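Notes to accompany the following structure.
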Protein chains: 2
Amino acid sequence: MQTTHIEHIGIAVKDLNKAIRFYEDVMGLHCYNIEEVVDQKVRTAFFMAGETKIELLESTSGDGPVAKFLEKRGEGVHHIAFAVKGIGEALSQAQENGIQTIDKEPRKGAEGLDIAFLHPKSTFGVLTELCENKKK
Amino acid sequence: MQTTHIEHIGIAVKDLNKAIRFYEDVMGLHCYNIEEVVDQKVRTAFFMAGETKIELLESTSGDGPVAKFLEKRGEGVHHIAFAVKGIGEALSQAQENGIQTIDKEPRKGAEGLDIAFLHPKSTFGVLTELCENKKK
């Protein structure tokens, strides 16, 4: 797999507006986009920190994946997304290495990226996303 | 606070050697350093992913901070470190904004960086490290 950088860090929060204020007022980052992802039942806020995005995730429904994460683990880092070249091949290589994957094939994610998740059981507790921006 | 990028992501693991194999063989990253930090009771392994390091943390003692984290939360992301300019001022600004900090003053951390931690109670569940490389 050819990993180029950390594309983003997803952080589950209970109150998106309060968390945005922390990252803007204290950490000095600029929130450049707020977006609802209906099928994931989340409202997200994006910040750039160098080449990496901070993606805050607030659940919009009690039965969504972020709601379940918050209930089980509380607020904190939800996933890490690695930018890779050739996501289809990268995912196949992970599967050949015995890694359990959540997605069998890459799919479209936020901001038009191609994405696929590896299961945290296979990745030492870190929900790991692979992503590729094919428009670049 | 002037944040330039994500300096590193600290990940607590039970078995450093197994986790190194995952990040090398599957994620395609290169482990460039393994270091024991005696006062933190951890053995660490470092990888570069773009401008950000992955720092794996294995506890060397049952009563160390990483051992306690693993016992409470299991394997996963332990902290996120943001590179800032002027860490002393950045820490003061955080305190003035009502953020609870673990360190009252910056101190020396791994790789000779000046570091200070913000308490996860004030930072939406993410143990947040500020760091500055004054040699740069």
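The values are calculated or read from the model by the stated rules, or taken from the named source; none is laboratory data. These numbers come from a predicted model, not from an experiment. Cβ atoms come from the backbone with ideal geometry, glycine included; neighbour counts cover every protein chain shown. Note: areas computed on protein heavy atoms with side chains; ligands, DNA, RNA excluded. Shrake-Rupley method; radii C 1.70, N 1.55, O 1.52, S 1.80 Å.
Computed quantities for the displayed model
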| read-out | value |
| --- | --- |
| Separation of alpha-carbon centers, region A:64-136 and region B:57-71, rounded to whole Å | 27 Å |
| B from A by rotation - nearest chain A beta carbon to the axis, in Å | A:VAL77, 2 |
| Distances in nm from A:GLY62 to the matching label points in the other copies, shortest first (labels 7 Å along Cα to Cβ) | 4.2 |
| Accessible area (Å², per residue) of region A:9-102, counting only protein heavy atoms and a probe of 1.4 Å | 45 Å² |
| Lys, Arg +1 and Asp, Glu -1 on Cβ, resulting dipole of the protein assembly as shown about Cα centre, debye, nearest 20 | 220 debye |
| Protein-protein interface of region A:17-32, residues with accessible area decrease of at least 10 Å², isolated chain reference, 1.4 Å probe | A:LYS18, A:ALA19, A:PHE22, A:TYR23, A:ASP25, A:VAL26, A:MET27, A:GLY28, A:LEU29 |
| Dipole of chain A [Lys/Arg +1, Asp/Glu -1 at C-beta], most positive-end residue of A:VAL37, A:HIS5, A:GLN93 | A:GLN93 |
| Number of partner chain Cβ atoms within 10 Å, mean per residue of B:42-52 | 3 |
| In degrees, nearest ten, helix A:87-96 long axis to first principal axis of chain A (Cα) | 70 degrees |
| Once the Cα gyration tensor of region B:1-45 is diagonalised, semi-axes √(5λ) in Å | 21, 17, 9 |
| Carbon + sulfur, % of accessible area of chain A - ligands and nucleic acids excluded, 1.4 Å | 47 percent |
| For B:TYR32, label point 7 Å along C-beta direction: distances to other copies, nm | 2.6 |
| Copy-to-copy label separations for A:GLU51, where each label sits 7 Å from Cα toward Cβ, in nm and ascending | 0.9 |
| Length-normalised contact order for region A:2-132 - Cα pairs under 8 Å, 6+ apart - percent | 26 percent |
| Peptide A:117-126 - average C-beta neighbours from other chains (10 Å radius) | 5 |
| J(HN,Hα) series, region A:73-85, from Karplus relation 6.51 cos²θ - 1.76 cosθ + 1.60, nearest Hz, glycine and proline x | 10, x, 5, x, 5, 9, 7, 10, 10, 9, 7, 10, 9 |
| Average other protein chain Cβ within 10 Å of Cβ, residues B:82-89 | 1 |
| Loss of accessible area when A meets B, both sides summed, Å² nearest 100, probe 1.4 Å | 3200 Å² |
| MRE, 222 nm, helices only [DSSP H, n ≥ 4, -39500 (n - 2.57), over chain A, to nearest 500] | -5000 deg cm²/dmol |
| B:GLY50 long-range amide H proximity, modeled H, under 5 Å | none |
| Among B:31-37, A:22-28, the order from most to least packed when residues are scored by Cβ within 10 Å on average | A:22-28, B:31-37 |
| Rounded to 5, the percent of DSSP beta bridges in region A:2-132 classed as antiparallel | 80 percent |
| Antiparallel DSSP beta bridges within the protein assembly as shown, as percent of all bridges there, nearest 5 | 80 percent |
